Amino acid sequence: FTLTVIGPSGDEVEGVLQAVPGQVPTSSRGKDDYRQRKRLCCQAKNKYQSPKYRIVVRFTNRQVICQVVYSLIDGDRVLTSASSNELPRYGLEVGLKNYAAAYCTGLLCARRLLQKVGLDDVYEGNDEVDGNVVSTTVGKTTYYVDEVDEDKRPFRALLDVGCKTTSTGCRIFGALKGAADGGLDIPHSEKRFPGYDRDSKEYDADMHRERIFGGHVGEYMEYLEEEDNTKYQQQFASYLAEDIEADGLEELYEGVHEKIREDPSASEKKAFTPDKSFKRKVKKTLAERKADVQAKKDAKNAELEEDDDE
């Protein structure tokens, strides 16, 4: 971006300032949506530096990551975070990036945050998962929680989806629903939840509840077991190794939700001990590399001469 400074003589001097010299900006690489970020971060000046909090949801090839973040002038700060890699602590060993796991991760992040700021007893969230959107209007403001305490307002955070396409039924909204049921005040509606029909403008909350408890995974498990048992054994090998069947998924996720609410605190970090037995090979000199090439040539020539003699 262009930076204007005042020179020694008092004249304005313009220059181009790069965060990292020689690196393409993240907007050009498609890593950030700055139009979206501006609206998520900008705060009214009369708020006196009270930041806007964002619940950031990202998916990798192996896990779901939820973070509650706020912005300062020199960068972002992470207030708390949760990952689906922590779910084995609560009894979920497999399927760590599907819709149900995203819900569990959002729930874990919300309960951990409220415990950190001392609101976990005031806002317990929605214990009975039914898929409906919960909201309460106080004055002219709508809060997306069951009840609003007289002394302490709920913790509000805005959903940050990054560059992900927000299609109906996307897993991002599973994490959103989990965080909302965990007690966070996140503005949302049912229009992007599974079960919403855009044409008829009707919302089937039961379908969303089924997705939260892994019903779609159970249906596919039963279908694949009947149609192609070999593929079933291959695709759901990790489920079979943990003795998880399609009929027991709902009970499994109910237990995970209960355990998360009992103890959402982060586990202690394990001390890192590097493997000192590993030693990098010494780099060969130019003469040694040339000698290796010549040895390969001699071996190949000898092999060709033997073939010619035969």
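Mind telling me which of the residues 149, 130 ends up being in contact (Cβ under 8 Å) with a residue 12 or more places away in the chain and either under 21 Å from the mean Cα position of the chain (by Cα) or under 30 Å from residue 236 (Cβ atoms) (or both)?
The conditions single out 130.
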Does any residue in the range 26-48 that is closer than 19 Å to residue 78 by Cβ come within less than 8 Å, Cβ to Cβ, of a residue that is open to solvent by 100 Å² or more (accessible area, probe 1.4 Å) and modelled with pLDDT of 85 or more six or more places away or on a different chain, and which pairs are these?
none
Being surrounded by 15 or more Cβ atoms within 10 Å (Cβ to Cβ) and part of a loop (DSSP other than H, G, I, E, B) is the filter here; which residues of the range 179-207 pass it?
182, 183, 184, 186, 188, 190, 192, 193, 194, 195, 204
Which of the residues that make up the range 266-310 are part of a loop (DSSP other than H, G, I, E, B) and surrounded by 10 or more Cβ atoms within 10 Å (Cβ to Cβ)?
266, 284
Enumeration of residues in the range 210-261 that are part of a loop (DSSP other than H, G, I, E, B), out of contact with any Gly (no Cβ under 8 Å at 6 or more places or on another chain) and closer than 30 Å to residue 116 by Cα
213
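Select from the range 106-118 the residues that are out of contact with any Gly (no Cβ under 7 Å at 6 or more places or on another chain) and in contact (Cβ under 8 Å) with a residue 60 or more places away in the chain and list them in ascending order.
108, 109, 112, 113, 115 - these are the residues of the range 106-118 that are out of contact with any Gly (no Cβ under 7 Å at 6 or more places or on another chain) and in contact (Cβ under 8 Å) with a residue 60 or more places away in the chain.
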Which numbered condition residue 265 fails, given (1) touching a residue at least 60 places away in the same chain (Cβ under 8 Å); (2) of a type outside the set (D, E, K, R); (3) within 19 Å of residue 99 (Cα to Cα)
(3)
For the range 208-244, give me each residue that is closer than 30 Å to residue 189 by Cβ and surrounded by 14 or more Cβ atoms within 10 Å (Cβ to Cβ).
208, 209, 210, 211, 212, 213, 214, 215, 216, 217, 218, 220
Out of all the residues in the range 104-156, which are of a type in the set (Gly, Ala, Ser) and touching a Lys or Arg at 6+ places or on another chain (Cβ under 6 Å)?
131
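Can you find even one residue in the range 125-134 that is charged (D, E, K, R) and either closer than 20 Å to residue 69 by Cβ or open to solvent by less than 50 Å² (accessible area, probe 1.4 Å) (or both)?
no
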Picked from the range 84-105 (must be surrounded by fewer than 18 Cβ atoms within 10 Å (Cβ to Cβ) and free of Cβ contacts under 8 Å to residues at least 60 places away in the same chain), the residue farthest from residue 251 (Cα to Cα) is 85
Would you call residue 259 without any contact (Cβ under 8 Å) to a residue 12 or more places away in the chain and either open to solvent by 80 Å² or more (accessible area, probe 1.4 Å) or at positive phi (or both)?
no
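Can we say residue 176 is at pLDDT 95 or above, of a type outside the set (Gly, Ala, Ser) and assigned to a helix (DSSP H, G or I)?
Yes: the conditions hold for residue 176.
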Just checking, does the range 44-55 include any residue being among the basic types (Lys, Arg), modelled with pLDDT of 90 or more and either under 20 Å from residue 113 (Cα atoms) or open to solvent by less than 40 Å² (accessible area, probe 1.4 Å) (or both)?
yes
Residue tally, condition aliphatic (A, V, I, L, M) and under 15 Å from residue 180 (Cβ atoms), over the range 203-217
2
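The values are calculated or read from the model by the stated rules, or taken from the named source; none is laboratory data. Keep in mind that what you see is a predicted model, and the values were worked out from it rather than measured. Cβ: placed from backbone, ideal geometry, glycine included. Neighbour counts: every protein chain shown. Surface accessibility is based on the protein's heavy atoms, side chains included, excluding ligands, DNA and RNA. Shrake-Rupley method; radii C 1.70, N 1.55, O 1.52, S 1.80 Å.
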